[in-house]
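Read the structure below first, then the notes.
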Amino acid sequence: MHLIVVGLNYRTAPVEVRERFALSEQELPEALQALRRTTGILEGVVVATCNRTEIYAVVDRHTLCGHYIRSFMEQWFKIPRTEFNPYLFMYEDEKAIEHLFRVTSGLDSMVIGETQILGQVRDAFLLSQKLGATGTLFNKLFKQAVTLAKRAHNETSIGENAVSVSYAAVELGKRIFGRFDNKKVMILGAGKMSELTARHLSANGAKEVLVVNRTLARAEELAKKFDGVALSMDEALARLHEADIVISSTGADRFVLTRDSVEAAMTRRKMKPMFLIDIAVPRDIEPACSTLSNVYLYDIDDLEGIVETNMANRRKEAVAIEKMIAEEQEAYLQWYATLGVAPLIRGLQEKTASVHEQTMESLLRKLPELDERQIKVIRKLTKSMLNQVIHDPILRVKEMSAEKRSEAAMSMFVQMFALEDEVARIQAEMKAEEKARAAAAAETDAKPAEKTAEAPGILSQLAGALR
């Protein structure tokens with residue numbers, strides 16, 4: 001079995017390509033069922049956001065794994081693979097694990113360190129688990145990825161401080177006002193940047209928004225989004241004294257707010273602090289306004305300087321998270337390597353159990369006078385003795401399985417304990433169960449959630465033997 005991720009994201013594909021591979025919450029369950037029915041797919045998780053559509057899978061054949069997933073994408077999205085192949089990336093095994101850990105931790109995000117992707121990956125995994133699309137390998141891998149991401153954000157400051165111009169404005173406002181729940185915001189211009197900044201301020205509790213634009217209809221449109229009031233420019237200047245925070249991005253060719261107009265407003269507001277954010281180029285607010293008492297003026301360069309400083313800090317924190325990822329990747333690979341030794345361990349355990357049962361039967365024939373208590377004591381002691389005898393060999397073969405050239409060591413283990421028949425039988429059972437699982441997925445999708453209530457599979461039992 002092999003791990004693989006195939007997909008496209010903001011690094012590999014423009015938005016006009018990514019949007020063709022979008023999956024809504026309503027579509028995801030059906031898409032997962034289709035993925036489960038795809039030849040060669042044993043486990044699957046689909047992570048679909050505005051910036052990425054990535055398909056994680058456990059596959060049975062290394063050479064055809066990419067072909068299987070491309071076929072699924074071609075059929076589900078109804079797009080010829082010749083159109084999307086140039087935008088796809090594919091990682092296998094170690095690289096696939098590393099990629100998932102980086103994505104979940106926010107290191108692969110457009111904004112380094114953002115936390116929204118953690119919830120999106122977790123939800124994608126939980127949905128797949130509910131639908132029975134995950135098994136032993138992905139249950140452990142995705143839980144480990146989520147735990148790692150939480151640790152990364154708790155133990156570093158990568159998610160702190162503003163990394164967008166609009167949010168940097170909010171951060172500055174907090175330094176001045178502390179809180180926004182009793183503050184009034186005036187927006188001059190109704191462009192995207194003004195809207196984003198107003199959205200952040202509103203989300204942080206700004207109580208009232210006044211929207212000003214040369215086109216009143218556009219001002220009214222934006223005002224509705226924030227339960228605000230649309231104003232003409234003349235009305236805005238008359239009410240400037242009411243505003244605690246002014247965000248300006250009009251695109252005008254001259255100053256919209258002059259030192260005189262701001263000074264007049266400050267007199268009417270009895271010199272209470274006013275926060276001016278000028279994100280226009282050319283600038284909307286006369287720089288001389290900053291000389292007025294209790295007026296705090298910041299332009300686009302001030303905000304971008306804050307953003308760049310914060311981004312540099314996030315990049316430093318990312319180095320620490322990269323080390324965490326390397327450690328967790330190695331831990332998962334070591335665990336993954338021990339799965340190959342599981343049939344050997346189970347074979348030895350079953351063989352010793354069989355020897356124990358045969359020995360007890362022989363003993364009871366030779367000593368029929370033993371009472372139930374004596375039999376119970378003898379059975380318990382002899383079983384304990386056998387378990388102690390095989391304990392160290394099991395530990396040793398688990399250690400060797402994670403080392404290089406482990407196949408030779410495991411082959412020697414099988415020969416030493418004459419486990420050829422037991423191991424062959426267990427491996428056959430594993431293959432049979434995987435085939436049965438694939439057949440069941442193809443036959444019924446009616447009640448996928450009930451899959452989780454089935455008896456644990458062979459892989460789960462084998463993983464249990466390793467604990």
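The values are calculated or read from the model by the stated rules, or taken from the named source; none is laboratory data. Worth saying up front: this structure is predicted, and the values here are computed from it rather than measured. When we count neighbours, we look across all protein chains shown, and the Cβ atoms used for this are built from the backbone with ideal geometry, even at glycine.
Do we have any residue at all in the stretch 333-353 that's farther than 24 Å from ILE426 by Cβ and of a type in the set (Asp, Glu)?
For the stretch 333-353, residues farther than 24 Å from ILE426 by Cβ and of a type in the set (Asp, Glu): absent.
Any idea which of ARG102, ARG70 is in contact (Cβ under 8 Å) with a residue 60 or more places away in the chain and buried (at least 18 other Cβ atoms within 10 Å of the Cβ)?
Selected residue: ARG102, the only one of ARG102, ARG70 that is in contact (Cβ under 8 Å) with a residue 60 or more places away in the chain and buried (at least 18 other Cβ atoms within 10 Å of the Cβ).
Mind listing whichever residues of the stretch 273-322 are within 24 Å of TYR167 (Cβ to Cβ), among the acidic types (Asp, Glu) and surrounded by fewer than 19 Cβ atoms within 10 Å (Cβ to Cβ)?
Scanning the stretch 273-322 gives ASP301, ASP302, GLU304, GLU308.
Considering only residues that are modelled with pLDDT of 90 or more and surrounded by fewer than 16 Cβ atoms within 10 Å (Cβ to Cβ), which ones fall in the stretch 323-349?
LYS323, ALA326, GLU327, GLU330, ALA331 - these are the residues of the stretch 323-349 that are modelled with pLDDT of 90 or more and surrounded by fewer than 16 Cβ atoms within 10 Å (Cβ to Cβ).
Checking the condition assigned by TED's automatic domain parsing to the domain that holds GLN120, closer than 24 Å to LEU131 by Cα and under 17 Å from the mean Cα position of the chain (by Cα), which residue from CYS65, CYS50 passes?
CYS50
Among ALA169, ALA152, ALA198, which is the only one that is of a type in the set (Gly, Ala, Ser), within 14 Å of the chain's Cα centre (by Cα) and surrounded by 19 or more Cβ atoms within 10 Å (Cβ to Cβ)?
On inspection, the qualifying residue turns out to be ALA152.
All but one of (1) buried (at least 19 other Cβ atoms within 10 Å of the Cβ); (2) out of contact with any strand residue (DSSP E or B) (no Cβ under 8 Å at 6 or more places or on another chain); (3) touching a residue at least 60 places away in the same chain (Cβ under 8 Å); (4) among the polar types (S, T, N, Q) hold for THR134; which doesn't?
The failed condition is (2).
Just to confirm my filter: which helices (runs of 4 or more DSSP H) fall fully inside the stretch 66-155 and include at least 3 residues that are aliphatic (A, V, I, L, M)?
Once the helices (runs of 4 or more DSSP H) in the stretch 66-155 are filtered for at least 3 residues that are aliphatic (A, V, I, L, M), what remains is 93-105, 116-130, 136-155.
Just name the residue that is surrounded by the most Cβ atoms within 10 Å (Cβ to Cβ) out of those in the stretch 408-431 that are of a type in the set (Val, Ile, Thr) and touching an Asp or Glu at 6+ places or on another chain (Cβ under 9 Å). First the steps, then the outcome.
Taking the stretch 408-431 and keeping what is of a type in the set (Val, Ile, Thr), we get 414, 423, 426.
Among the residues that remain, those that are also touching an Asp or Glu at 6+ places or on another chain (Cβ under 9 Å) are: 414, 426.
Numbers: VAL414: 18, ILE426: 20.
Only one residue fits best here, namely ILE426.
Residue by residue, here is whether (1) crowded, with 20+ Cβ neighbours inside 10 Å; (2) farther than 25 Å from GLY178 by Cα holds:
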| residue | (1), (2) |
| --- | --- |
| GLY189 | yes, yes |
| LYS192 | no, yes |
| ASN204 | no, no |
| GLU208 | no, no |
| VAL211 | yes, no |
| SER232 | no, yes |
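From the residues in the stretch 105-126 that are without any contact (Cβ under 8 Å) to a residue 60 or more places away in the chain and of a type in the set (A, V, I, L, M), which one is farthest from PHE142 (Cα to Cα)?
Result: VAL111.
Considering only the stretch 169-183, I want to know if a residue exists there that is of a type in the set (Gly, Ala, Ser), in contact with a strand residue (DSSP E or B) (Cβ under 9 Å, 6 or more places away or on another chain) and not assigned by TED's automatic domain parsing to the domain that holds GLU30.
The answer is yes; a qualifying residue exists.
Taking the condition free of Cβ contacts under 8 Å to residues at least 24 places away in the same chain and either within 24 Å of GLY305 (Cα to Cα) or among the aliphatic types (A, V, I, L, M) (or both), does MET271 pass?
Yes.
Please verify whether the stretch 184-206 includes one or more residues that are of a type in the set (D, E, K, R), at pLDDT 85 or above and touching a strand residue (DSSP E or B) at 6+ places or on another chain (Cβ under 6 Å). It would help to see each step written out before you state the result.
In the first step, residues of the stretch 184-206 are kept if they are of a type in the set (D, E, K, R); the result is 184, 192, 195, 199.
The next check asks that each one be at pLDDT 85 or above; those that pass are 184.
Pick out the ones that are also touching a strand residue (DSSP E or B) at 6+ places or on another chain (Cβ under 6 Å) and you get 184.
Yes, the stretch 184-206 contains at least one residue that is of a type in the set (D, E, K, R), at pLDDT 85 or above and touching a strand residue (DSSP E or B) at 6+ places or on another chain (Cβ under 6 Å).
Any chance you could count how many residues in the stretch 27-63 are within 24 Å of ALA13 (Cβ to Cβ) and either outside any helix (DSSP H, G or I) or in contact with a Pro (Cβ under 6 Å, 6 or more places away or on another chain) (or both)?
Residues flagged as within 24 Å of ALA13 (Cβ to Cβ) and either outside any helix (DSSP H, G or I) or in contact with a Pro (Cβ under 6 Å, 6 or more places away or on another chain) (or both) within the stretch 27-63 amount to 18.
Find all pairs meeting these conditions: Cβ atoms under 6 angstrom apart; at least six residues apart or on different chains; first residue within the stretch 182-197 and closer than 16 Å to THR215 by Cα; second residue polar (S, T, N, Q).
ILE187/SER194; LEU188/SER248; LEU188/THR250; GLY189/SER249; GLY189/THR250; ALA190/ASN213; GLY191/SER249; SER194/SER249
Identify, please: which residue in the stretch 172-181 is in contact (Cβ under 8 Å) with a residue 12 or more places away in the chain and outside any loop (DSSP other than H, G, I, E, B) and is, among those, surrounded by the most Cβ atoms within 10 Å (Cβ to Cβ)?
Top of the filtered list is GLY173.
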